[in-house]
């Protein structure tokens, strides 16, 4: 048994798929299957249940996986302490759609450039799916808004996003720099689906200030809301950083909300799974480089920030 084989086994177990586990290690599916089969023969037990799709772990496989994860984490920490070894490996992140996709892409590419042996894969999903992926270890980290006190998940604060009112150019409120909840009382709101936490928080904010929301249409993603606002007289309430490109291009106008409303965003992970050295480094990098690049009038980011 070698560390390479342990890594292959853990990656296949985490992915629930031989092909994806093999890809993470730069080998073929056949080679990964042979390595794990040899490992099973050496141990005298079956580790992978190949009868299911995605493939799962047998009872012995679960025990072995837990031990192997601890071995890899301890080895990686030891290697970095002794030799100052470069970061390496793959990090899977599950993120809500509204977590600022352009900025996450920019940051992940910059991190990979600093650490050439690292690959970051970001999956954009619905909030409940992000939660489920973190819980079931289909990803290493999750990005969620309005973090709750989950029994099995820990949350690391990433940022508090200022929410703003968003209008099309020419809307009667588009010349205002600040508006209050009562200014939205007779407006047709374009918002998030009612089952999303951000939708519940926005509606609660308006009700606390004596306004009954008049939601004309709702969507499950920010891009659809922005498009609908740009083409109608509807008003959206969105995180300011998610509309910076459209504002720079002159497609949308925004106004600050008074009183202010913020959306907390956090990185989440399993409480019973210590982050790897790579995970720790990436979390710190995300927190240290959270401000997106300024945007030109044509919508492109300013380089060399």
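The values are calculated or read from the model by the stated rules, or taken from the named source; none is laboratory data. Since we're looking at a predicted model, the values are computed, not measured. So basically every Cβ, Gly included, is an ideal-geometry build from the backbone, and we count neighbours across all protein chains shown.
Odds and ends about this structure:
- Among all residues of the range 279-299, there is at least one that is modelled with pLDDT under 95, in contact with a strand residue (DSSP E or B) (Cβ under 7 Å, 6 or more places away or on another chain), more than 30 Å from residue 136 (Cβ to Cβ) and not in a loop (DSSP other than H, G, I, E, B).
- Exactly one residue out of 242, 182 is touching a residue at least 12 places away in the same chain (Cβ under 8 Å), assigned to a helix (DSSP H, G or I) and surrounded by fewer than 17 Cβ atoms within 10 Å (Cβ to Cβ): that is 182.
- Filtered residues of the range 99-126 (kept if more than 16 Å from residue 289 (Cα to Cα), surrounded by 15 or more Cβ atoms within 10 Å (Cβ to Cβ) and within 9 Å of the chain's Cα centre (by Cα)): 122, 124, 125
- Residue ID - farthest from residue 253 (Cα to Cα), chosen from residues in the range 185-197 that are in contact with a strand residue (DSSP E or B) (Cβ under 8 Å, 6 or more places away or on another chain) and in contact (Cβ under 8 Å) with a residue 40 or more places away in the chain: 197
- Selected residue [buried (at least 16 other Cβ atoms within 10 Å of the Cβ), closer than 26 Å to residue 130 by Cα and out of contact with any helix residue (DSSP H, G or I) (no Cβ under 9 Å at 6 or more places or on another chain)] from 222, 190, 202: 202
- Residues that are touching a strand residue (DSSP E or B) at 6+ places or on another chain (Cβ under 6 Å) and under 30 Å from residue 5 (Cβ atoms) number at least 2 in the following strands (runs of 3 or more DSSP E) confined to the range 60-171: 89-96, 118-125, 141-145.
- Among the residues of the range 127-180, those that are on the phi > 0 side of the Ramachandran plot and touching a helix residue (DSSP H, G or I) at 6+ places or on another chain (Cβ under 7 Å) comprise 137, 146.
- All conditions in (1) farther than 19 Å from residue 251 by Cβ; (2) crowded, with 17+ Cβ neighbours inside 10 Å hold for residue 208, with the sole exception of (2).
- Selection within the range 37-59 - without any contact (Cβ under 8 Å) to a residue 24 or more places away in the chain, assigned to a loop (DSSP other than H, G, I, E, B) and in contact with a strand residue (DSSP E or B) (Cβ under 8 Å, 6 or more places away or on another chain): 58
- Residues that are under 30 Å from residue 244 (Cα atoms), out of contact with any helix residue (DSSP H, G or I) (no Cβ under 6 Å at 6 or more places or on another chain) and modelled with pLDDT under 95 were ranked within the range 82-98; the one that is surrounded by the most Cβ atoms within 10 Å (Cβ to Cβ) is 92.
- For the range 205-215, the criterion of being touching a residue at least 40 places away in the same chain (Cβ under 8 Å) and in contact with a strand residue (DSSP E or B) (Cβ under 9 Å, 6 or more places away or on another chain) is met by at least one residue.
- Residue check, residue 216 under 20 Å from residue 171 (Cα atoms) and assigned to a loop (DSSP other than H, G, I, E, B): no
- Condition met for residue 237 (assigned to a strand (DSSP E or B) and touching a strand residue (DSSP E or B) at 6+ places or on another chain (Cβ under 6 Å)): yes
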